[in-house]
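Asks: I'd like to ask you about the structure that follows.
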Amino acid sequence: MDKFLKGYFYNPTRGNLKIKEVMEEMLSYMKEKPEKFYDIIVGCDSSSGEKFNFPVAVVILRVGEGGRFFLKKINYPPSLRKKFSNWKMRVLEEVLLSCELALFLRENFEKKIKSESNAFDKKPEGGRENWVFSRGGNREAESRPPEPQGSGELSEASPKGKRQPKAGEAKQPFNYQLRYIHADIGEHGQTRDMIKEVTGLIRGNGFEPKIKPESYVASTVADRYS
């Protein structure tokens, strides 16, 4: 995990950021429009030149409105040149780095999210409805009915049979998921022989895989900096 704790991630707007600052930026982005759904995705690519590096990207999408990305290049010493001269070893390293970063974010970003819950989980004031957003797409409403909608915003109907939080379970103030890892492999080309191995590795770490042409975080965002 030192690969991500040390050094900096890059964002075109914010410049160089420590991983703690990356999570703070992601949270600030969600705070701008907390009613929206957010998709957090991790992916990695690699270079095959004289110096091997692995750009790992985390993308936060505000679904339907674009998003932001943060990228860190992982560099390895020349002593590993022989290992990574093998393209299969590079592909496996891409996936392992993606899983490592995604697992770190799943644990630590969720802690930051939970720390924000008190600011959102309040009693309604002034007759307004208080929505509480949760990780994974579930939305729970307090007892008051929704306000009339007339500006083209999403309208919420009163949920029927909504799930009540279990005892001791904290409500989540944002509606987001960290579910997918994008792998730079596909049905076409030599990487097709690794699909079963790579997707199994991702699922074994608790995430869902996406491959080309859907794995744009790896094949487009990270690839741009490889």
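The values are calculated or read from the model by the stated rules, or taken from the named source; none is laboratory data. From a predicted model like this one, the values you see are computed outputs, not experimental measurements. Neighbour counts are summed over all protein chains in view; Cβ atoms, including those assigned to glycine, are modelled from backbone coordinates with ideal geometry.
Asks: Would you check if there is a residue in segment 194-206 being out of contact with any strand residue (DSSP E or B) (no Cβ under 8 Å at 6 or more places or on another chain), modelled with pLDDT under 95 and on the phi < 0 side of the Ramachandran plot?
Replies: no
Asks: Of everything in segment 32-43, what is touching a residue at least 12 places away in the same chain (Cβ under 8 Å), of a type in the set (D, E, K, R) and not in a loop (DSSP other than H, G, I, E, B)? Give them in sequence order.
Replies: Result: Asp39, single match.
Asks: Quick check on my filter: what residues within segment 41-51 are in contact with a strand residue (DSSP E or B) (Cβ under 8 Å, 6 or more places away or on another chain) and either surrounded by fewer than 21 Cβ atoms within 10 Å (Cβ to Cβ) or under 14 Å from Tyr225 (Cβ atoms) (or both)?
Replies: Let us first name the residues in segment 41-51 that are in contact with a strand residue (DSSP E or B) (Cβ under 8 Å, 6 or more places away or on another chain), namely 41-47, 51.
Matches in segment 41-51: Gly43, Cys44, Asp45, Ser46, Ser47, Lys51.
Asks: Does Glu156 fit the bill of being under 25 Å from Tyr29 (Cα atoms) and modelled with pLDDT of 50 or more?
Replies: The answer is no for Glu156.
Asks: Which pairs have Cβ atoms under 6 Å, sit 6 or more apart or on different chains, and link a residue in segment 44-56 that is touching a residue at least 24 places away in the same chain (Cβ under 8 Å) and assigned to a strand (DSSP E or B) to one that is of a type in the set (Ser, Thr, Tyr) and surrounded by fewer than 22 Cβ atoms within 10 Å (Cβ to Cβ)?
Replies: Here the result reads Asn53/Ser47; Pro55/Tyr225; Pro55/Ser226, each pair linking segment 44-56 to a residue that is of a type in the set (Ser, Thr, Tyr) and surrounded by fewer than 22 Cβ atoms within 10 Å (Cβ to Cβ).
Asks: Between Gln177, Gln172, which is of a type in the set (S, T, N, Q) and modelled with pLDDT under 95?
Replies: Unique residue meeting the criteria: Gln172.
Asks: Could you tell me which numbered condition Asp39 fails, if it satisfies all but one of (1) charged (D, E, K, R); (2) at pLDDT 95 or above; (3) more than 12 Å from the chain's Cα centre (by Cα)?
Replies: With respect to (1) charged (D, E, K, R); (2) at pLDDT 95 or above; (3) more than 12 Å from the chain's Cα centre (by Cα), Asp39 is out only on (3).
Asks: Within segment 77-88, which residues are loosely packed, with under 15 Cβ neighbours inside 10 Å and assigned to a helix (DSSP H, G or I)?
Replies: Pro78, Ser79, Leu80, Arg81, Lys82, Lys83, Trp87, Lys88
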